[in-house]
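The values are calculated or read from the model by the stated rules, or taken from the named source; none is laboratory data. Small disclaimer: the values here were computed from a predicted structure and weren't measured. Note that we place each Cβ from the backbone using ideal geometry, even for glycine, and neighbour counts take in every protein chain shown. Ligands, DNA and RNA are stripped out before the accessible areas are found, and what is left, the full protein with its side chains, is counted by its heavy atoms. Shrake-Rupley method; radii C 1.70, N 1.55, O 1.52, S 1.80 Å.
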Amino acid sequence: MTINDKTLENLSKLSKIKIDDNLKDKLKEDLNLTMNMIDEINKIDCDQIEELSHPIKDNFNLREDKVSRDINRESLQKTSNKTEDGFYLVPKVIE
Amino acid sequence: MKNNWESVIGLEIHVQLNSESKIFSNAPTKFGSDQNLQACEVDLGMPGTLPVLNEKVIEKAIKFGVAINAEIAEKVGFARKNYFYPDLPKGYQISQLDDPIVGKGSIEIKLGDQEIKTIGITRAHLEEDAGKSIHDLFENETAIDLNRAGTPLLEIVSEPDISNSEEAVAYLKKIHSIVCALEISDGNMSQGSMRCDANVSIKKKGDKKLGTRTELKNINSFKFVEKAINFEIKRQISCLEKGEEIIQETRLYDSTNNTTRSMRSKEEANDYRYFPEPDIIPIQITSDQILKIKKELPELPDEKKERYKSEFSLSEYDARNLTYDLELADFFEKTLVNIDDPKLAANWILGDFSAILNKFDVEAKNSKVDAVKFAELLNYLKEEKISGQAAKKVLENIWENSDISVSKSIESLGLEQLSDDNEIEQIIDKVINDNPNQKQQFLTGKDRLFGFFVGQVMKESKGKANPKLVNEILKKKLV
Amino acid sequence: MDLETLTLQEQIEGLREKKFSSVELVENYISVIENNENLNVFVSTDFEKAIAKAKKSDESNNSQNNMTLNGIPMVHKDIFCTQGIKTSCGSKMLDNFYPPYSATVVEKLEQAGSICLGKANMDEFAMGSSNETSFYGAVKNPLNIKKTPGGSSGGSAAAVAANFSSFSTGTDTGGSIRQPASFCGLAGIKPTYGRVSRYGMIAFASSLDQGGILAKNIKDTAIALQFISGYDSKDATSIKAEVPNFSEDCESDKFDHTVGLVTNLINSFGDEDLSNNYSKAIERLKKLKIKTKEVELPNLELSLPVYYVIAPAECSANLSRYDGIRFGYRAENVDNLEDLYFKSRGEGFGNETKKRILIGTYCLSSGFYDAYYKKAQKIRSLISSDFVNAFKDVTSIMLPTTSGEAFDLGSITDPVEMYKQDIFTIPANLGGLPATSVPFGEKNKMPLGIQFIGNILEESSLLNVSNKFQLGEK
């Protein structure tokens, strides 16, 4: 089994997603079915091939260094559930 | 450091590049605006928004690379570094992993008057800055200000070539002078434009194997670099001497208490899951582009220093210290427009002028005494119209009273040099008469007492007597 | 006249000739929509605004000069940000999200004068092939309400199929325009990666996502595609290339076609219906006197596993921004910051989204990166090269759009079976290539689709061959 309880816990931690206990078994099953399908790629030998991260190469576009934005904080912060005095708020972080 | 240990240090310096707009958005970068007024939807990582790379940022990074004789990458690719923190809006930082824009290079630092050391630079890469978390503003909440999010950073990573805190400071100052000379950063450390992490480890002298290292975070001044590293070296030595092991961990430097404390150990460190940033296609840098930047490169501190040595016959020491701080060098050159004595100008700028800048915590460009006035003062000195002691007093006086002229200041303080032979003779006669014993001893061979007489004459004249004349006349009178 | 059954082209002509008004068009659609609410097509609608816009359009009467879509109603997939209008992406996470900006695609269509009737339901964050992963429940196929309309642009497809609009926008990461088009008997196009700006289009997998069009026929997709295409300085991956006149090119005689075939590959699936429909499609090409040539796509079948590494990996990062802080669902009653993260994301995301984030996180995590992510990118390179080689000999490649017809809602529970839905559509996304789906054939009284894949930026030729194929013999 590729993804066991320990892996699942680690993945949950890394992705900061709470996984309900009653979903764990079904989730593990689904993830392992998917990983089995994915494992097909390990049958191919292609060490010498260069990776492809962008389907269209040599198409880089840069931006001029210009400030051209009216920033409307009020309108941007309307989408947030918790702001005060222009700050976004989160539970206190103790460093 | 105790004799049987030696320390190995590497620095990671984050330099904020001084572009007008952010690295991936067209929001402004300027420092100090009200919270979240400089964070646009791209900086906030809002759904559907995309990063577009600022061309100036690429140019600035290449400038740095060329200045340290490093290889510039042909292909510049970005990567996502994944971790969660409230001041990192997208949940990943766009950084560089495999294709840093600047490859291996090096810089030279000078330690004593003669000693030169080369510090290797492993790489320098571009990335976006995060926002700020403010923990003490609200009682139960941490406040997030994302103005800084997306500010361009150049992270300069050194080889572990640095042996102690003194070298670390010299290296940091050198990098500071280079980025300022290149005008790619404002270099303002108090506003966080340059921040530094230090990797510190110690080993027994002569050991080949490196010790376990700790990473010190959050160092934002030259002074703190020295203190943090010294503290950490001491801590590590005392650990090892007690038979304890050094844990590989990140430690936070606490400048208030001058200590370092553990943040997290590497075992529980984040798994950053770097992968190529799909939203940004790798940029090709052409040799023409690099050549163009090379040609337009401003004079670098080392070049300036050599020029000062040859053009102005300054010592290595003076030339180096003047060129460390670009503003000081600028002030120096402006001063020379009105006074033809580089050595005198260098001495005064590095001495009393720097002292007064430090005293009032002002940078040379904001000096209350401008270069013209300063040159005027030095000319009085050069022409022996005032003494060195007097010049110091005048400098302080014109610093505090910006509307007063040099001549007025000298006059009002009554500090014109006394160069009248008769007046000086009178004073000398009085001093010799008042000290018959000393005269007797001098005449029987106690040459040292000549200085005593000079001192007394100067005291009697309230520091105004021309020392050269005093010497001459005194010699005649005493023999 | 049943205005709602008209094609986009017929509507443009009708408005120009003043056979009917934009208000009539809009009102007609509204009554059809209101009579078919059971299809669950929309996440949100704003009919009042639509009527107001239509009135304005009728009054302006400067109509069809350069604003060809002036007064034409349409539907946006709810993945495109619409300023001040809820944009949910099919997720509870964004159920409360009213973006302060609009997607470039939305702005462009607005500038062209079209009128948005509503935002179409979709699989959550475009992750699904049946519309069943939507927080708002599955859309039903208008041709048979027991069936799925496909996904993830299921609402967009159902909207056109149910005569709620003559065209709609969609997005396609692994087949999300073409598969629903096929399931609903429509034409659809996913253009070249970079042809249409992704700005404001909520990201699923950034290197694969591409916006496109669903309509009743290829000609209509060409007309609408024209308006959403073009370089956008807000999307660094968008292409600085001139946009051809797609609708003209679509019907032009200037293109010389050689269609690439993969008969052996199709037969190797051992699915008689699939092979038969493919053979019939070849016959149609022959009758149309379009040249054909067998080509090799040796790594095609690896597209599926490769896609299920790359897409989840990219999505795992793209979806990290949903933390409850600046926008989106924020869990209540949390103890600390960690709790805020875990609960907001745990409660805000649906199961399929969670699964994909977890798979992607796994494939990128320390110790697995080389074996999965890097390996997948290498094979992606191979698949892309296969296409480059094939396009040396042919101008387009013909494949089935899907292996079968629309299936019953709720009938597929094995995740891998569901993922296999996209086996023929994924390769075009991996290669960044433009591809269409054209209605062709049927099975169990439900439509099937044939797919044409074109070369990079060759949408004109692709639309031309697709159009010829759709029209059949004259």
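When chains B and A come together, the accessible area they lose, probed at 1.4 Å and totalled over both chains, is close to 4000 Å². Each label point was placed 7 Å from the Cα along the Cα-to-Cβ direction; for C:Asp393 and C:Ser60 their separation is 5.1 nm. Distance between the 7 Å Cα→Cβ label points at C:Glu17 and C:Ser252: 2.7 nm.
Loop-located GluC sites (Glu not before Pro) in segment B:100-165 (DSSP state not H, G, I, E or B) with no more than 16 neighbouring Cβ atoms inside 10 Å: B:Glu115, B:Glu139. Of all DSSP bridge pairs formed entirely within the protein assembly as shown, close to 85 percent run antiparallel.
Surface composition of chain A: carbon and sulfur atoms hold 42% of the protein heavy-atom accessible area at a 1.4 Å probe. For the pair B:Cys239 and B:Asn69 in one chain, pulling the backbone fully straight at 0.36 nm per residue adds 57.2 nm over the alpha carbon distance. For helix A:21-38, report the angle its Cα long axis makes with the longest principal axis of the Cα atoms of chain A; keep it between 0 and 90° and round to the nearest 10°. Approximately 70 degrees, to the nearest 10. Given only helices, namely DSSP H runs of n ≥ 4 each adding -39500 (n - 2.57), what is the per-residue ellipticity at 222 nm of the protein assembly as shown, to the nearest 500 deg cm²/dmol? It comes out at -11500 deg cm²/dmol, rounded to the nearest 500.
Protein heavy-atom surface of chain C, 1.4 angstrom probe: 45% of the accessible area is carbon and sulfur, with nucleic acids and ligands not counted.
If a/c stays under 1.5 just call it rounded; otherwise compare a/b with b/c (prolate if a/b is bigger, oblate if not). Do that for segment B:134-230, with a ≥ b ≥ c from the square roots of the Cα gyration tensor eigenvalues. Oblate shape, in that a/c is at least 1.5 and b/c is the bigger or equal ratio. C:Val243 sits with roughly 40 Å² accessible to a 1.4 Å probe, with DNA, RNA and ligands left out of the calculation. Counting only protein chain heavy atoms and rolling a 1.4 Å probe, the accessible areas of C:Met418, B:Met263 rank, largest first, as B:Met263, C:Met418.
Want the number for C:Leu471 to C:Asn245: 0.36 nm per residue separation, take away the alpha-carbon distance, what's left? Could the numbers behind the result be given before it?
Details: separation 226, 0.36 × 226 = 81.36 nm, distance 1.98 nm.
Length gained between C:Leu471 and C:Asn245: 79.4 nm.
Coupling constants for segment B:330-339 follow from the phi torsions by the Karplus curve (6.51 cos²θ - 1.76 cosθ + 1.60, θ = phi - 60°), and in residue order they are 4, 4, 4, 5, 5, 5, 5, 4, 10, 9 Hz; glycine and proline get x.
Both chains summed, the buried accessible area for B and C stands near 2700 Å², from protein heavy atoms and a 1.4 Å probe.
For a Förster distance of 56 Å, can you work out the FRET efficiency between the beta-carbons of C:Glu272 and B:Asp34, rounded to the nearest 0.05? All intermediate terms of the calculation are to be shown ahead of the outcome.
Working: r = 69 Å, r/R0 = 1.24.
Using R0 = 56 Å, I get an efficiency of 0.20.
The simple Förster model, with R0 at 45 Å and r as the Cβ-Cβ distance, assigns A:Glu9 and B:Val362 a FRET efficiency of 0.20. For B:Leu297, the shell of other residues with beta-carbons less than 13 Å away shows a net charge of 0, using +1 for Lys and Arg and -1 for Asp and Glu.
How much of the DSSP bridge set in chain B is antiparallel, in percent, rounded to the nearest 5? Walk me through the numbers before you get to the answer.
Details: 54 of 58 bridges.
Taking every DSSP beta bridge with both residues in chain B, the antiparallel ones total about 95 percent.
Heavy-atom accessible area, probed at 1.4 angstrom with all protein chains present, ranks A:Asp65, C:Asp78, C:Asp253 as C:Asp253, A:Asp65, C:Asp78, highest first.
List the GluC sites (Glu not before Pro) within segment B:293-339 that fall in a DSSP loop (any state other than H, G, I, E or B) and whose Cβ has at most 11 other Cβ atoms within 10 Å.
Values: sites: B:Glu296, B:Glu299, B:Glu303, B:Glu306, B:Glu311, B:Glu316, B:Glu327, B:Glu333; in loops: B:Glu296, B:Glu299.
Sparse-neighbourhood loop GluC sites (Glu not before Pro): B:Glu296.
Compared with the dominant Cα axis of chain B, that is its longest principal axis, helix B:301-312 is turned about 20°. Per atom type, chain B shows carbon and sulfur on 45% of its accessible surface, probed at 1.4 Å. Rolling a 1.4 Å probe over the protein heavy atoms leaves C:Met127 with an accessible area of roughly 0 Å². Going by alpha carbons, how many degrees (0 to 90, nearest 10) lie between the helix axis of A:5-15 and the longest principal axis of chain A? The answer is roughly 20 degrees.
For the cross-link pairs A:Lys26/C:Lys146; C:Lys146/C:Lys355; A:Lys66/B:Lys294; C:Lys286/C:Lys445; A:Lys28/A:Lys92, the ones whose C-alpha atoms lie over 31 Å apart are A:Lys28/A:Lys92.
Past the 22 angstrom mark, what percentage of all C-alpha to C-alpha distances in chain A do you count?
Values: 3018 of 4465 pairs.
In whole percent, the share of Cα-Cα pairs in chain A beyond 22 Å is 68.
3J(HN,Hα) couplings calculated from phi for segment C:177-194 with the Karplus curve 6.51 cos²θ - 1.76 cosθ + 1.60 (θ = phi - 60°) are, in sequence order, 9, 5, 5, x, 4, 4, 5, 10, x, 10, 9, x, 9, 10, x, 4, 4, x Hz; Gly and Pro show x.
Computed from backbone phi with θ = phi - 60° and the Karplus coefficients 6.51, -1.76 and 1.60, the 3J(HN,Hα) list for segment C:99-107 is x, x, 8, 10, 5, 4, 4, 5, 4 Hz; x is used for glycine and proline.
Rank these by accessible area, largest first, 1.4 Å probe: C:Thr148, C:Thr68, B:Thr118. Write out the running numbers ahead of the final one.
Working: C:Thr148 0, C:Thr68 40, B:Thr118 75 Å².
From most accessible down to least: B:Thr118, C:Thr68, C:Thr148.
Our note on the geometry: Cα centres of segment B:288-360 and segment C:22-53, 74 Å apart.
Out of the GluC sites (Glu not before Pro) in segment B:383-479, which ones are loop residues according to DSSP with at most 16 other C-beta atoms within 10 Å?
Values: sites: B:Glu383, B:Glu384, B:Glu396, B:Glu400, B:Glu411, B:Glu416, B:Glu423, B:Glu425, B:Glu460, B:Glu472; in loops: B:Glu383, B:Glu384, B:Glu416.
Sparse-neighbourhood loop GluC sites (Glu not before Pro): B:Glu383, B:Glu384, B:Glu416.
Computed across the protein assembly as shown, the Kirkwood hydrodynamic radius from all distinct Cα-Cα pairs reaches 33.0 Å. When nucleic acids and ligands are ignored and a 1.4 Å probe is applied, A:Asp58 ends up with an accessible area of around 120 Å². Probing with 1.4 Å while keeping every protein chain in the model, the per residue accessible area of segment B:382-447 equals 61 Å².
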